[in-house]
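Read through the structure below, which is laid out as structure tokens, and then see the notes.
The values are calculated or read from the model by the stated rules, or taken from the named source; none is laboratory data. All figures in this text were calculated on a predicted structure; none of them were measured in a lab. Positions of Cβ are generated from backbone atoms using ideal geometry, with glycine treated the same way; all protein chains shown enter the neighbour counts. Each accessible area value is taken on the protein alone, full model and side chains, heavy atoms only, with ligands, DNA and RNA left out. Shrake-Rupley method; radii C 1.70, N 1.55, O 1.52, S 1.80 Å.
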Amino acid sequence: MTPAFKIVLAIWAVSMYLVGFIAWRVQNDALKRGYSSITASFWSLGVLFMAPIMLPLYILLREKSAPTETEPDEVEQARRRLFIICPHCGEENPPELTRCQKCGRLLVSEGKAIGTKACPYCGEQNDINAVYCANCKQPF
Ligand SMILES: [Zn+2]
Ligand SMILES: [Zn+2]
């Protein structure tokens, strides 16, 4: 093996390693941008075999930005914080429960919910069946 051939081999190995890394990054990037795994693999393989063509093409054609997770609006977040205070032990329960998660006693009586719920906006204790807060008037 001639020294020149060794150098060529080394350069080839390093560039294959780099291209492989870039292809892997392209696949991750494509998946993050909402491409299907097939499309992401297509771009990844394209970059792997034809990096000088496919990499600029991908950067040109890819979606402008990764889709950002849509923040649930404030009301939705507040609704999630709404909880029911057990009338027996004072435990805070998620609103979908019919039995207290701490003492196991019913949070409903004759088909109607009992106990109080804390207003997610101001913390005021309200009757469980109230449709708006007695203190700040925010609807539940
Ligand atoms: Zn309880
Ligand atoms: Zn309130």
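Rounded to the nearest Hz, the phi-derived 3J(HN,Hα) couplings of segment 34-48 under the Karplus curve 6.51 cos²θ - 1.76 cosθ + 1.60 (θ = phi - 60°) are x, 6, 6, 5, 5, 4, 4, 5, 4, 5, 4, 5, x, 5, 4, where x marks glycine and proline.
If only the Cβ of Lys and Arg carry +1 and only the Cβ of Asp and Glu carry -1, the dipole of the chain around its Cα centre is close to 440 debye. Residues whose amide H falls under 5 Å from that of residue 115, counting only those 5 or more places apart or on a different chain, are 128, with hydrogens built in the peptide plane. Annotation: residue 6 carries an accessible surface of approximately 120 Å², with a 1.4 Å probe and no ligand, DNA or RNA atoms counted.
Give the shape of the chain as rounded, prolate or oblate, defined through the alpha-carbon gyration tensor: a ≥ b ≥ c are the square roots of its eigenvalues, a/c under 1.5 means rounded, and otherwise the shape is prolate if a/b is larger than b/c and oblate if not. Prolate shape, in that a/c is at least 1.5 and a/b is the bigger ratio.
Taking amide hydrogens as placed 1.01 Å from N in the peptide plane, the amide H of residue 93 sits under 5 Å from those of 84, 85, 86, each at least 5 positions away in sequence or on another chain.
For the set 106, 61, the ranking by accessible area, highest first and with no ligand, DNA or RNA atoms included, is 61, 106 under a 1.4 Å probe.
Only one residue of 88, 129, 14 has its Cα farthest out toward the positive end of the dipole of the chain, where Lys and Arg carry +1 and Asp and Glu -1 on Cβ, and that residue is 14. The H on the amide N of residue 133, modeled in the peptide plane, is under 5 Å from the matching H of 138, 140, each at least 5 residues off or on a different chain. Note on the chain: with neighbouring protein chains present and a 1.4 Å probe, carbon and sulfur make up 61 percent of its accessible heavy-atom surface.
In the full protein context, the chain carries 72 Å² of accessible surface per residue, based on a 1.4 Å probe and ignoring ligands, DNA and RNA. Of the residues 37, 104, 118, the one whose Cα sits farthest toward the positive end of the charge dipole of the chain, with +1 on the Cβ of Lys and Arg and -1 on the Cβ of Asp and Glu, is 37. The angle between the Cα long axis of helix 3-32 and the longest principal axis of the Cα atoms of the chain comes to about 20 degrees, rounded to the nearest 10.
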